Each structure stands twice: as structure tokens, then as C-alpha cells.
Amino acid sequence: MTRFCFSIAIMPREGILDPQGKAVEAALPQLGASTVHGVRIGRRIELTVDADDASTAREVVEKLAAEFLANPLVERWAIEEAQPLAGIAG
């Protein structure tokens, strides 16, 4: 078995309300960043999968993203191979 590390970026789909993004965007002019627009807030998940090969590991991550970590009706996600963070991946 080999350890494969991935990151999953989960964001609201276009057209879905993003109240956190709107709140951050509304505060930016007070911070001198009035030229910043289109703020969207999402989340990032990092995980390590033990598998025989990268393809099998990625299949596990795809399934987790689609069926558990994200709501496919209102969120989109992107999966990338990642480097393990020091002290986290074991």
C-alpha cells in the first residue's frame, strides 16, 4: 500500500447565494480593498488515502466528494493531488 494525498476545494455553484462571500465583500472597502469583487467562500479538505495505486486512491476521493463531503446540488468541487503537510499524514 502507498499513501496518496489529495486536497478537495469545495465552492458554491454559480448562481447559488453565498452569504459569507457577500459579508466579506461588504467589509473590504473598510479595509482599503474596494477594488476586490466577486468574493466566494468555500472550504478545503485535505486527506490521505492508502491504496495500491493513484487511480484507486482518486476513485475513493471522488466518491467521498460526490456522496459525503459536498452537496452536488449546490456545490462544485475540484480534486488535486497534494503534498502531505508536515506531521499530519503520519
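The values are calculated or read from the model by the stated rules, or taken from the named source; none is laboratory data. Computed from a predicted model, the values in this text were never measured in an experiment. Cβ atoms come from the backbone with ideal geometry, glycine included; neighbour counts cover every protein chain shown.
Per-structure values
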item: So I41, is it modelled with pLDDT of 95 or more, touching a Ser or Thr at 6+ places or on another chain (Cβ under 9 Å), surrounded by 14 or more Cβ atoms within 10 Å (Cβ to Cβ) and on the phi < 0 side of the Ramachandran plot; result: no
item: Selection status of A9, small (G, A, S), modelled with pLDDT of 95 or more, surrounded by 12 or more Cβ atoms within 10 Å (Cβ to Cβ) and not in a helix (DSSP H, G or I); result: yes
item: Selected residue [of a type in the set (D, E) and in a loop (DSSP other than H, G, I, E, B)] from E46, E14, E25, E59; result: E14
item: Leading residue by the ranking (nearest to the chain's Cα centre (by Cα)) among those in the stretch 12-38 that are of a type in the set (D, E) and surrounded by 13 or more Cβ atoms within 10 Å (Cβ to Cβ); result: D18
item: So A78, is it assigned to a strand (DSSP E or B) and either at pLDDT 95 or above or touching a Cys at 6+ places or on another chain (Cβ under 7 Å) (or both); result: yes
item: Filter result (exposed (fewer than 11 other Cβ atoms within 10 Å of the Cβ) and not hydrophobic (A, V, I, L, M, F, W, C)) within the stretch 54-70; result: S55, E67
item: Some residue of the stretch 44-52 being among the small types (G, A, S), surrounded by fewer than 13 Cβ atoms within 10 Å (Cβ to Cβ) and either out of contact with any Pro (no Cβ under 9 Å at 6 or more places or on another chain) or at pLDDT 95 or above (or both); result: no
